[in-house]
Amino acid sequence: MAEKIIGTDIAPQDLVAKITGRAKYAEDFRADGMVFAKLLLSPMPHARVRGVDATRALAMPGVIDILRADEVRQIEGRPGEASLTDEPLYEGQPILAVAAETEEQAAAAIEAIEVDFEPLPFVLDPLDSLRPNGPNAYTGGNRFGGGEFSELKWTEADFEEIEAGRMPNGEAAVEWTKGDIDAAFSESDLVLEESIVHQSLTHHPMEPRSAMMYWENGKLHAFVSTQSAQRTKYAIAGTLNIDPEDVILVAEYCGGGFGSKISGNTHMEVPAVFSRKIGRPVMLRITRYEENYIGRARPGFQSWLKMGFLADGTCNAIDLYIVQESGPFGASDFNTAGMIADLVYTPQNMRFRGIAMYTNTPPKAAQRGPGGAQIVIMMEPILEKAARQLGLDRLEVHLKNAPDPDVGFGPRNSTLTSVHAKEALEKGAEIFDWAGKQELSGRVEGSKSTGIGIGLSPYTAGSRGYDGLMVIRPDGKLYVHQGLGNLGTHSIMDTARPAAEILNLNWDQVELVWGDSSRGMPRSSVQAGSQTTHAHSRANHAAGMDARAKVLEVAAQTLGGSPSNYDMDNGRVFRRGGGASMTFAQVAERAIELGGKYDGHELPDNIHATTVPAANMLAGQGLMGVARDNYGGSGGVYSWVAGFALVELDRETGVVDIKEYVAVTDCGTVLHPRSLEAQVLGGSVQGIGQAMTQRWVFDPKWGVPFANRLYTARPPGILDVPLDMKADALGIPDPQTPVGAKGIGEPPVGAGGAALTSAVADAMGGHCLCRTPLTPDIILAELEGLSQPFTLEQHIG
Amino acid sequence: MAIIRDMIPAFELFQPTTVEDALALMAEHGEAGWVLAGGLDSYDWFKDRIKRPEAVIDLGGIDELNGISDGQDGLEIGAMTTLTEIVRHERVRSEYMLLADAAEHVATPQIRNQGTLGGNISQDTRCWYYRSGWACYRAGGNTCYAAAPQAMNREHAITGTSRCVAVNPSDTAPALVALDAKMTVRGRRSSSVYDAEDFFIGPATDITRMTILEAGDLLTQIDIPSEWANAHFYYEKVRDRGSWDFQLVSVAAAFKTSGNTIEDARIAVNGIAPFPVRLDAVERLVIGAAVDEALAVEAGEIAIDGSRPLKHNEYKQPMTSNLVRRAVRSVA
Amino acid sequence: MGRWLDVELNPWGQEVLQGVSLELMYLAILLAVLFVVGHMLWYRSRGFSEHEETVDVQESVAGIPERIVRHTLPSRIFHWTMGASMLVLLITAFVPLLGLEFAWVTIHWIAGAVLILTIIYHVIHSIVWQDFWSMMSMGAKDVREAVGHFRHLLSSKSPEPEKPGKYPFDHRMYHQGIVVVSLAAIVTGVLMTLRIKTPFWEPNAYYPFVDQAVAGMNEMGEPVISLMPGAATGLVFVIHGIAGVALIIMVAAHIYFAIRPDKRYYLWGMIRGWIDREQYLAHFDPDKWSVVDGSIQESPPGGAIADSTVSAPRADD
């Protein structure tokens, strides 16, 4: 009997390479004649390049050429990002690139270039852009719609509110309602209203988005850092407007992305185009400093929230208004935030209004739990306050409001495949000993006060309809071809497990093929939105089933009888009840002999067009399992994390010490417990950093950010969290997916962050600071009764 | 000229093995030379291409600058002794825990393995305007961007400012002031010993330097006199996160006590001024006094006399008060 | 600009003026020394007297008092206070640059404040109590006197120059020059002081210049971006610096002439308030500076001014 693979701890295949440093990341690659490119970044948040004088630079030793904005794809007439630009929209946006024999020479050449910039009006804070006569991020306006720029401004009266620290209900761009909020609020026993600011924060993956590229025989060889792989190949081809089969993508490892490297990224175009121009391989090593600018950030929110509660703790109405700091190219977090608010607190009566404002700050993009993480981090202290004022237990309030499996949420009353939020809350409460810790809540000893908090965080965790592709080769092993990226979540390995189990193989009989498009990648989801565990456990399940059927058929055709007479285990297919058998090696050879569908010369009609070239490449190499995920299903796939935190707040310093943290997830069947724990706790730590430490700071006069370094941006470190954080999973399979597994990447962020904002509010006696991050300065100023030096500003420090 | 960061320009590296050779190299290269200790401040500057020395004089190979030994009076610590060594040193821990405690609050284990005591106290400020290469007063320009009314200055100074409002970032500096350490500074022709307190200078004296060290000067040794050995110590550092972070405010205090009466005291605070601030007034208040909460509170209040916050750092006043209060309270 | 003016990059990487260079300070010191030494040597080489010349008092003493008031006490207090503040300003400005470090900023701006107060006092005093316009204005006669004086300096064959009135042409030229240079230094200095912390205001790196990234509002009330923020600040520093180095030379020259033995009577006049009859007759033209009685003897621009006569002890008393 082959070993059990799903649900066991198996060290990932790339572990040794990673910890011994043998793993090659994008910047580790070299090619003959390779040169280095460096970027010249805009020193101004909004400007126009009037002229460039590179004469001196081009005459410097080793300098090969310069690449300007007019040589790369430009997006005209609408907000859109080009890899190089003559109208930078944020400080740090790349203007041009220089290639030289060495990186030092390229850097020196950049310094020798004179760029004549004409500064243009800029805006950092969305509220400034909404101010009557306030600056716009674009020369054409601060809004884009219907093919043109326009202006949206609030009134002077709105800004009188803002000066007083209250968000006004200015004109919104997006609005949806359900139920009747006015009626509901009038029935509420408690109505709370707060203005809340959530900061913007950079993704800061450990590996910056370096890329090396060269052209050979008309094909682009691209060595990149990306979350996805197969989809990245197509993204690069799209940007360059070339045949995707002319892109050979190598992306074996990715040192983190958190949503900032989903498929391709804008600046991959630079080495591609530059290499084509100069006929040599070009390495663009992105530094930490550059990554901070071009590496994306989570949008910040300035929002107004009104929540109504009945005496029993039922949240019966939510009125939510979000102004989003969207950077120059936009983001859609705020829309998701509205949906998640409805999903977590199920008010039945809700109004969501929002407006995304362009700003001249580095570009925004999805960051782990985009929109969802922000909103639960912002709302959880309000729930704490409500429970306190209603004299109820917060867990009870949460349980009362957490959705049941039949939930419908958002403007279109969306449904979900499975929901076990309440069970997650209950299990978490049990592990954390929520009941026993009630007495610690608010306890003051010396200068320390204790707070406990809950964060309940859902997020999308799956998608459907992708393809699986695998080959049993004549060496008897199953080669699972993955088109996913390998960004450290192990999903590239773990989603192959269903195929191994279907074929009754031991894990050492499975080889994973990934990271190099020349080895064949099936149509895959992007490695984002926590989709892959769900999407590709299904796709590989489907392809595994296809391979299994073919193995049985090959056995029956070779050894006689019908396929149903056969079974398989440990790399052998055998007649049930004893008798003839074949090894998988023999099956593979036989499949090649048989040809047709068995070795991939005939492909199913329903597989995606972009799987076909990969399957064709592999045809004839063994027995091919190839199939589309046709399992179907209805409703969104969401996973949940319930986080519980106990903190000690030092009332004399404002320092918050996290003493305990527990997270329990509802993410369906657990594929890989150790990896799941890493995801749940890692995401929670990221959320804790979001709530407590990480920030972005801009000088308002110059539009220049300061938290450009890890030590100034302050993502959390190991000493910021308790060493014995606990994670657990419900392990209740999702009924609509054959393996039962849902994704987990995103929801822990909101859970970790919200447990913290909630616990801090508790430690402060039910006082919501209503701003993140909750750094000691802000907490202490509040405790000492100082006036905070800000009202609703987005970027402070 | 376009600006580019994160790429160290070439320099000539010198690795002398004696102090004399180092001093000779420093004299030879003058302003174009740069003295490298652990490199944690230096490489940041180089990487950003803001400081661009032609010659880097690496002190790492000078044995005489390394190590902790028993002196005639107390401990003698070579300037290149790593912070880890200080943290682990038995006698430092048993007699001068204040220093070990302060050193252990520096950044991360990796940085403490590489960072030196001399480097830690000689490091430049982390004012982000200055570190961004802006031509501020400290960089030889004529503006303090951090003091402007809208400026981002939560981490800046509330006292001791003069045009420049940057703070000293060192964790060990206040401990050395509290321990009344003596700094041996060698020039080519002379050698001087400074009290720790005088080693750090403010912008009123020279806006471009944090310490008494001028070009050509080398901090070689830090002596910890036995005077304060085994005193009652208190060290606390408040920072935004638990590691790899500079202080918002830190306090280092040494008390000689008899029962709960303070017989002598030295208290220093860092993070509130361009230099570690010795709290003479607080010391005068507490010396000879029996410690009770009222004394601690008063000490905290006196500690911030004359301070004036910027827009975003008013919290540093109560934070300083509270830390000083806790230091005094710790005696009881 | 290169050598004499420093430039810096503003936070947007644009080159803007930063101030005058150290070299310019050294140049000014060098010029001051060269001037003093050169003047000394040249004066000696021309064989001019190194001592104060005297005249025979019997010549004509009718109505001329023995002591002639040159500067009243208020004038002298003003002069010395102003001089002291100017010296403090120069010392605090330049000595730290030469390497002697001390906390100079506070002393500097306080001395600047004192200077401003003394100047306000001086202006009011001279307008209300002195004949301001006669001191300030200059006419053809003054030029003639100056030209004669200058010729005599250059050539020994040139006739002895006319004697001056109370305030010789060169003194008034100096005064006018120092007014211009000091006002430049003061105006820019006040602007600079607004950028530092004083008991009176919070420091502001941008105030009061329209010198920040967002330069202000246009007529529509929309923000207008500054094309080169920091440039005005740099200009202010350059003007202050040029005025400062100019003052090094002017003050050095002033002190030099004040202590020259052949002009000692001026120094005495400023210390004691009066010069004696002999000095008066030897160095001044009584027609231009009449001290005979209380009336002003001659219309400007002769230099006779009110305070010298009003308060002079009358010979016929």
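For this structure, a couple of remarks:
- Over the protein assembly as shown, the alpha carbon radius of gyration divided by the compact-protein estimate 2.2 N^0.38 Å works out to 1.12.
- Percentage of interatomic Cα-Cα distances in region A:663-719 larger than 14 Å: 64
- Proximal charge balance of B:Arg326 [Cβ under 13 Å; K/R count +1, D/E count -1]: +1
- Mean per-residue shielding of peptide B:160-166 is 3, counting Cβ atoms of other chains within 10 Å of each Cβ.
- Calculated [θ] (222 nm, deg cm²/dmol) that DSSP helices of n ≥ 4 give over chain B, each run adding -39,500 (n - 2.57): -7500 deg cm²/dmol
- Considered as an equivalent ellipsoid built on the Cα gyration tensor, region B:10-60 has semi-axes of 18, 12, 7 Å, the largest given first.
- Dipole magnitude (debye, nearest 20) for region B:10-60, charges at Cβ of Lys, Arg, Asp, Glu: 220
- Rounded to 5, the percent of DSSP beta bridges in region A:241-352 classed as antiparallel: 75
- Only one residue of A:Leu487, A:Gly578, A:Leu503 has its Cα farthest out toward the positive end of the dipole of region A:467-628, where Lys and Arg carry +1 and Asp and Glu -1 on Cβ, and that residue is A:Gly578.
- Only helical runs count toward this figure. For chain A, summing -39,500 (n - 2.57) over DSSP H runs of n ≥ 4 and dividing by all residues gives -8500 deg cm²/dmol at 222 nm.
- Per residue, the Cα convex hull of region A:702-790 amounts to 198 Å³.
- Local net charge near B:Thr18, Cβ-Cβ under 12 Å (Lys/Arg +1, Asp/Glu -1): -3
- Rg over Rh for region A:46-87 works out to 1.06, using Cα positions for both radii and the Kirkwood form for Rh.
- Set of region B:23-63 residues, backbone N closer than 19 Å to the point 7 Å along the Cα-Cβ line of B:Arg188: B:23-36, B:54-59
- With Rh defined as the Kirkwood radius, the inverse of the mean 1/r over Cα pairs, the Rg/Rh of region A:194-311 is 1.18.
- Each of B:Phe200, A:Val52, A:Phe144 was placed along the dipole of the protein assembly as shown (beta-carbon charges, centred on the mean Cα), and the one lying farthest toward the positive end is A:Val52.
- Protection proxy ranking, highest mean first, for peptides C:18-25, A:684-691, A:69-76: A:684-691, C:18-25, A:69-76, where packing is the per-residue count of other beta-carbon atoms within 10 Å, averaged.
- Computed FRET value (nearest 0.05) for A:Arg68 with B:Asp292, which takes r as the C-beta separation and R₀ as 56 Å: 0.20
- Averaged over peptide C:12-19, the number of partner chain Cβ atoms lying within 10 Å of each residue's Cβ comes to 5.
- Basic side chains Lys and Arg get +1 at the Cβ, acidic Asp and Glu get -1 at the Cβ, and with that the dipole of the protein assembly as shown about its Cα centre reaches some 1740 debye.
- Region B:10-60, relative contact order in percent, only Cα pairs under 8 angstrom and at least six apart counted: 56
- Label-point gap, in nm, between C:Phe200 and B:Ala229 - each point 7 angstrom along Cα→Cβ: 5.6
- Scalar couplings 3J(HN,Hα) for region C:114-123, obtained by applying the Karplus form with A = 6.51, B = -1.76, C = 1.60 to θ = phi - 60°, are 4, 4, 5, 4, 5, 5, 4, 4, 4, 5 Hz; x denotes Gly and Pro.
- Long-range tail of P(r) for region A:542-582 (Cα pairs > 15 Å, %): 28
- Computed magnitude of the charge dipole of chain A (debye, nearest 20; Cβ of K, R +1, Cβ of D, E -1): 1840
- Once C-alpha pairs closer than 8 Å and six or more residues apart are averaged by separation and normalised to the residue number of region B:158-256, the relative contact order reads 29 percent.
- Here the calculated FRET efficiency for C:Arg264 and A:Lys219, from their Cβ-Cβ distance with R0 = 60 Å, stands at 0.05, rounded to the nearest 0.05.
- In order through region A:443-456: 3J(HN,Hα) via Karplus (6.51 cos²θ - 1.76 cosθ + 1.60), integer Hz, x for Gly, Pro: 5, 10, 10, x, 8, 9, 10, 9, x, 10, x, 10, x, 10
- Between the listed residues B:Asn153, B:Ser243, B:Ala299, the Cα displaced farthest toward the positive end of the dipole of chain B, a dipole computed from Cβ unit charges relative to the Cα centre, is found at B:Asn153.
- All Cα-Cα separations within region A:397-456 were binned at 5 Å from zero, giving a P(r) of 4, 15, 19, 18, 14, 10, 9, 6, 3, 2, 0, each value a whole percent of the pairs.
- Calculated on C-alpha atoms, the gyration radius of chain B divided by its Kirkwood radius gives an Rg/Rh of 0.97.
- Relative contact order for region A:316-455: 23 percent, from Cα pairs under 8 Å spaced at least 6 residues apart, divided by residue count.
- For chain A, the alpha carbon positions stretch 83, 72, 50 Å along the principal axes, listed from largest to smallest.
- Take each residue of peptide A:718-724, count the partner chain Cβ atoms within 10 Å of its Cβ, and average: the result is 2.
- Across region A:467-628, Cα-Cα distances exceeding 23 Å account for 31% of all pairs.
- Within the shell of other residues whose beta carbon sits under 12 angstrom from the beta carbon of B:Ile68, the net charge comes to -3, with Lys and Arg scored +1 and Asp and Glu -1.
- Approximate spin-label separation C:Trp42-C:Ile91, in nm, with each point projected 7 Å along Cα-to-Cβ: 3.0
Each reported figure results from applying straightforward, stated rules to the coordinates on display, with no laboratory input. In this text, all values refer to a predicted model and were calculated from it rather than measured experimentally. When we count neighbours, we look across all protein chains shown, and the Cβ atoms used for this are built from the backbone with ideal geometry, even at glycine.
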